[in-house]
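Down below is the structure, laid out as structure tokens.
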Amino acid sequence: MASKRVLLKISGEMLCEAGGFGVDPTHVQDFAQQIKEGIGHGEVELAMVCGGGNFLRGAQIAGDEIGRITGDNMGMLATIMNALAIQSALERAGVETRVLSAIPVNDLAEPFIRRRALRHLEKKRVVLLAGGTGNPYFTTDTTAALRALQIRADVLAKGTKVDGVFTADPEKDPNAKFLEELTFLDVLQKRLQIMDSTAVSLCMDNSLPINVFNMKKSGNIVKFLAGEQLGTMVV
Ligand code: UDP
């Protein structure tokens, strides 16, 4: 049976305390252990895109002193730092990895070359796709959608802090109902904040399903990578 190819998108915040800054080695190590256990089942070829919001987001830092494009460039560099941290923790855990960057940093990572990414995946290496799209005005959600299409992933998985998609914010509204499945149009029309609209549109136009699941719940990463159906599917 062919393996399922997954592109997992995580936010930079997953690498530190909620609302924290930078990379917390304990969080990264814990994440790496779960990835190791999950892929140990041999069901998946795994590529990952990690955001950079634990360091900075271009739109937030942009102002008179630092322009938007510089801010975005800094944000993309932050994603490379995160990828290196995840790589280090995964390799310590005994998982073979490659970092492929959209921005050339030849001493630290390979350039993103689609065919090379595919070869690494076939060899069951975890492929860390860093540097965003390499262009300002995009996010790592959009990067994840784009890369998932380029590597022909079966699904784009978005690891979050909540169980999936709800009718309202479950942390604010006790009547919020969990949705097991919904359409791309629902997400766009109801402005559900699971991913930015560019990312969702790209997935919709190319029929790439998005699976939103709770990555913070203990054991969920392992279950997800072992093939268990979790969270919400956007189809
Ligand atoms: N970014 C960019 N182009 C890209 C991807 C990311 O300019 O293709 C910048 C942008 O400033 C963004 C920052 O990198 O805010 C960090 O990414 P993101 O906000 O998506 O990280 P996350 O919130 O997922 O941690």
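Against the test of being crowded, with 17+ Cβ neighbours inside 10 Å and either among the polar types (S, T, N, Q) or farther than 27 Å from CYS16 by Cα (or both), the options LEU156, LEU182 yield a single qualifying residue, LEU182. The single condition among (1) touching a Ser or Thr at 6+ places or on another chain (Cβ under 9 Å); (2) open to solvent by 70 Å² or more (accessible area, probe 1.4 Å); (3) more than 22 Å from PHE224 (Cβ to Cβ) that ALA62 does not satisfy is (2). Within region 41-53, residues that are more than 15 Å from PHE112 (Cα to Cα) and in contact (Cβ under 8 Å) with a residue 12 or more places away in the chain reach partners that are in a loop (DSSP other than H, G, I, E, B) and within 7 Å of the ligand (Cβ to nearest atom) with beta carbons closer than 6 Å, at six or more positions or on different chains, in the pairs GLY51/SER11; GLY53/SER11. Would a scan of region 59-72 turn up a residue that is part of a helix (DSSP H, G or I), touching a residue at least 12 places away in the same chain (Cβ under 8 Å), over 18 Å from THR160 (Cβ atoms) and away from the ligand (no atom under 16 Å from the Cβ)? Scanning region 59-72, I find no residue that is part of a helix (DSSP H, G or I), touching a residue at least 12 places away in the same chain (Cβ under 8 Å), over 18 Å from THR160 (Cβ atoms) and away from the ligand (no atom under 16 Å from the Cβ), so the answer is no. Taken over region 81-108, the criterion of being open to solvent by less than 10 Å² (accessible area, probe 1.4 Å) and of a type outside the set (S, T, N, Q) is satisfied by ALA83, ILE86, LEU90, VAL99, LEU100.
Test LEU77 against the stated conditions and say whether it is out of contact with any strand residue (DSSP E or B) (no Cβ under 6 Å at 6 or more places or on another chain), of a type in the set (A, V, I, L, M), open to solvent by less than 10 Å² (accessible area, probe 1.4 Å) and within 16 Å of the ligand (Cβ to nearest atom). No; evaluated as a whole, the condition is false for this residue.
Number of residues in region 1-27 that are touching a residue at least 40 places away in the same chain (Cβ under 8 Å), more than 17 Å from ALA144 (Cα to Cα) and open to solvent by less than 10 Å² (accessible area, probe 1.4 Å): the value is 1.
Among the residues making up region 96-116, a single one is among the small types (Gly, Ala, Ser) and not in a loop (DSSP other than H, G, I, E, B): SER101.
Here GLY53 meets the list (1) within 10 Å of the ligand (Cβ to nearest atom); (2) within 29 Å of VAL95 (Cα to Cα); (3) crowded, with 23+ Cβ neighbours inside 10 Å; (4) not aliphatic (A, V, I, L, M) almost entirely, failing just condition (3). If you go through region 28-39 one residue at a time, do you hit one that is more than 12 Å from the ligand (Cβ to nearest atom), assigned to a helix (DSSP H, G or I), open to solvent by 60 Å² or more (accessible area, probe 1.4 Å) and within 26 Å of GLN150 (Cβ to Cβ)? Yes, region 28-39 contains a residue that is more than 12 Å from the ligand (Cβ to nearest atom), assigned to a helix (DSSP H, G or I), open to solvent by 60 Å² or more (accessible area, probe 1.4 Å) and within 26 Å of GLN150 (Cβ to Cβ). Return the total of residues in region 156-176 being more than 20 Å from ARG116 (Cα to Cα) and either free of Cβ contacts under 8 Å to residues at least 60 places away in the same chain or aliphatic (A, V, I, L, M) (or both). Result for region 156-176: 14.
For first residues located in region 177-189 and closer than 13 Å to GLY164 by Cβ, partners that are open to solvent by less than 90 Å² (accessible area, probe 1.4 Å) and among the acidic types (Asp, Glu) and lie 6+ apart or on another chain with Cβ distances below 9 Å form the pairs PHE178/ASP163; LEU179/ASP186. Just one of ASP186, ASP205, ASP163 is under 18 Å from the mean Cα position of the chain (by Cα), charged (D, E, K, R) and within 19 Å of VAL235 (Cβ to Cβ); which is it? Answer to the check: ASP163.
In region 117-235, counting only helices (runs of 4 or more DSSP H) that sit wholly within it, the ones holding 2 or more residues that are closer than 22 Å to GLY58 by Cβ and among the β-branched types (Val, Ile, Thr) span 140-150, 197-205.
Close contacts from region 99-127, counting a first residue that is of a type in the set (Ser, Thr, Tyr) and a second that is crowded, with 18+ Cβ neighbours inside 10 Å, with Cβ to Cβ under 7 Å and a gap of 6+ residues or different chains, come to SER101/ILE80; SER101/ALA109; SER101/PHE112; SER101/ALA130; SER101/GLY131.
The values are calculated or read from the model by the stated rules, or taken from the named source; none is laboratory data. Owing to the predicted nature of the structure, the values given are computational and were not obtained by experimental measurement. Counting neighbours? That spans all protein chains shown, and the Cβs are built from the backbone with ideal geometry, glycine included. Surface areas here come from the heavy atoms of the whole protein model, side chains and all, with no ligands, DNA or RNA. Shrake-Rupley method; radii C 1.70, N 1.55, O 1.52, S 1.80 Å.
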